[in-house]
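So the structure is just underneath, and the comments pick up after that.
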Amino acid sequence: MTSGLVVTDSEDRVVVFNPAAEIIFRMPARSALGRPVGEIWPGSVLPAVRSTGCRRTVTQVLGDTQVVVTGTPVRLEGKSRGAVAVLETAVPPENPRYRKNGSAEPITAEKAFRKIIGRSPRLLEALALAKRAAASPSTVLIRNDRRTKPLGCPDRAGHLLAAKPELIRMGQKEKLTTVQRLFILDSEALKTSVRTAESVKPDAVEILPATVPAYVVTTLREALRVPVLAGGLLITEADLREALQKGVDMISTSRKNLWSVVP
């Protein structure tokens, strides 16, 4: 996974801290959850994003890693109730070997995989990192109890999970099973997600967070006709079962205590 995800509530306390964020901040999720975001992330844009209700994109250096941070307010009934930050880096934080073109923005790194297609060095590197993440056991899929068709085919090389349409297209050229990640923050985000997914035609979509209303799952299934996965904000077995009851085909979670749950 190349994108960190940090979500705060109406009191600017951390409620989501994904595995990529753990790597970027070099901090386990258990040490971040429930704490004011300013304590673990000095200079965070999330309090300002929540209070103003305006989206912001900034570049920050966290440790020895430069990241592009996109902060988006979470709205409920027309009011900002929290904020979401997506942190993207072109180079994995644990790998210091990268070069710069004289600017502050990393542009490339040594190739981790052979036979990578494309033109943009940043996209090539992102695809390589996505392939590595797809092979990682840190996230598992829990099948729903309905008889859904498994993702992928025996003749395919692997899976690619990405939010950006251009990465999905590149994965399709590589004959990977593609899963497009969709962040559903409000009704407008749902409409945009449907349009984006319709244009790239992934093999499946993953919605975040998994706590979205059931009509979101129904809308995506009817519009896209592909399996719908869900992840994020799942803490207990009850959370997981509630998400499955909304009609999702699979659950994606990094919480080991949920891996053995039988739907």
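The values are calculated or read from the model by the stated rules, or taken from the named source; none is laboratory data. Just so it is clear, the model here is predicted, and its values are computed rather than measured. So basically every Cβ, Gly included, is an ideal-geometry build from the backbone, and we count neighbours across all protein chains shown.
For the range 19-45, which residues satisfy the criterion of being closer than 16 Å to V74 by Cβ and either part of a loop (DSSP other than H, G, I, E, B) or in contact (Cβ under 8 Å) with a residue 60 or more places away in the chain (or both)?
Let us first name the residues in the range 19-45 that are closer than 16 Å to V74 by Cβ, namely 37, 44-45.
Residues satisfying the conditions are S44, V45.
Out of P19, P47, P73, P42, I need the residue that is surrounded by fewer than 19 Cβ atoms within 10 Å (Cβ to Cβ) and under 25 Å from G231 (Cβ atoms). Which one?
Values: P47 fails: under 25 Å from G231 (Cβ atoms); P73 fails: surrounded by fewer than 19 Cβ atoms within 10 Å (Cβ to Cβ); P42 fails: under 25 Å from G231 (Cβ atoms).
Just a single option satisfies the conditions, and that option is P19.
Using beta carbons and a limit of 7 Å, which pairs, at least six apart or on different chains, have the first residue in the range 48-64 and in the same structural domain as L76 (by TED's automatic domain parsing) and the second one acidic (D, E)?
Filtered contacts from the range 48-64: R50/D12.
So, in the range 218-234, of the ones that are of a type in the set (A, V, I, L, M) and under 17 Å from the mean Cα position of the chain (by Cα), which residue ends up farthest from V86 (Cα to Cα)?
Step one: of the range 218-234, the residues of a type in the set (A, V, I, L, M) are 220, 223-224, 226, 228-230, 233-234.
If we keep only those that are under 17 Å from the mean Cα position of the chain (by Cα) too, we end up with 228-230, 233-234.
On the way: V228: 21, L229: 19, A230: 17, L233: 15, L234: 18 Å.
Filtering first and then ranking leaves V228.
Are any of the residues in the range 215-229 at pLDDT 90 or above and over 20 Å from R195 (Cβ atoms)? Please lay out each step first, then the result.
Looking only at the range 215-229, we keep the residues that are at pLDDT 90 or above, and these are 215-229.
With the extra rule that they be over 20 Å from R195 (Cβ atoms), the set shrinks to none.
No: zero hits.
Within the range 234-263, work out how many residues are farther than 22 Å from F183 by Cβ, assigned to a helix (DSSP H, G or I) and among the aliphatic types (A, V, I, L, M).
Going through the range 234-263 one residue at a time, the tally reaches 1.
Quick one: which residue in E222, E237, E242 is over 26 Å from A29 (Cα atoms) and not assigned by TED's automatic domain parsing to the domain that holds V15? It would help to see each step written out before you state the result.
On the way: E237 fails: over 26 Å from A29 (Cα atoms); E242 fails: over 26 Å from A29 (Cα atoms).
Within the list E222, E237, E242, the selection yields E222.
Looking only at the range 214-233, filter to residues that are assigned to a helix (DSSP H, G or I) and not hydrophobic (A, V, I, L, M, F, W, C); which one of those is surrounded by the fewest Cβ atoms within 10 Å (Cβ to Cβ)?
Within the range 214-233, the first condition is being assigned to a helix (DSSP H, G or I), and the residues that meet it are 214-224.
Keeping just the survivors that are not hydrophobic (A, V, I, L, M, F, W, C) gives 215, 218-219, 221-222.
Values: Y215: 12, T218: 13, T219: 19, R221: 16, E222: 9.
Checked the range 214-233; the qualifying residue surrounded by the fewest Cβ atoms within 10 Å (Cβ to Cβ) is E222.
Can you tell me which residues in the range 1-14 are surrounded by fewer than 18 Cβ atoms within 10 Å (Cβ to Cβ) and out of contact with any Pro (no Cβ under 9 Å at 6 or more places or on another chain)?
D9, S10
Go through the range 177-213 and report how many residues are part of a loop (DSSP other than H, G, I, E, B), buried (at least 17 other Cβ atoms within 10 Å of the Cβ) and touching a residue at least 40 places away in the same chain (Cβ under 8 Å).
4
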